[in-house]
Amino acid sequence: MKTTLKRVPQPSTAAAMKAERERDKAQAVRDYEAEQLACQANMARLRALRLAKERADAQATMAQRPTRKKAATQVSTSTHKSAAGQGHHLKHR
């Protein structure tokens, strides 16, 4: 029958374990940074798509609107004249 003895970490083994932890730490940082860059690139891509869609929608809306500038101008001038006529008698009191 074999008996298994637990090995007490030797200083050289402890140093190797510490070096391995440092490598794992560096790899984790690289993975995190790569993930952040990928996320930022995806957000920039989606933002560009959204802005392009909003621009296209705004242009389509502007193209569908009927031109009514003359009618709007006539309404505003007639309203302005009537408002000026109503308040005129109050100024002389």
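What follows is calculated from the coordinates using simple rules that are stated; it is not laboratory data. What you are looking at is a predicted structure, and each value in this text was computed from that prediction instead of being measured. We place every Cβ from the backbone using ideal geometry, glycine too, and count neighbours over all the protein chains shown.
Looking at the square roots a ≥ b ≥ c of the eigenvalues of the Cα gyration tensor of segment 13-66, which shape do they give, rounded for a/c under 1.5, prolate if a/b is larger than b/c, or oblate?
Taking the square roots of the gyration eigenvalues as a ≥ b ≥ c, segment 13-66 is prolate.
Roughly what would the spin-label model give for L51 and R30, points 7 Å off Cα along C-beta, in nm?
With each label placed 7 Å out from Cα toward Cβ, I get 3.3 nm.
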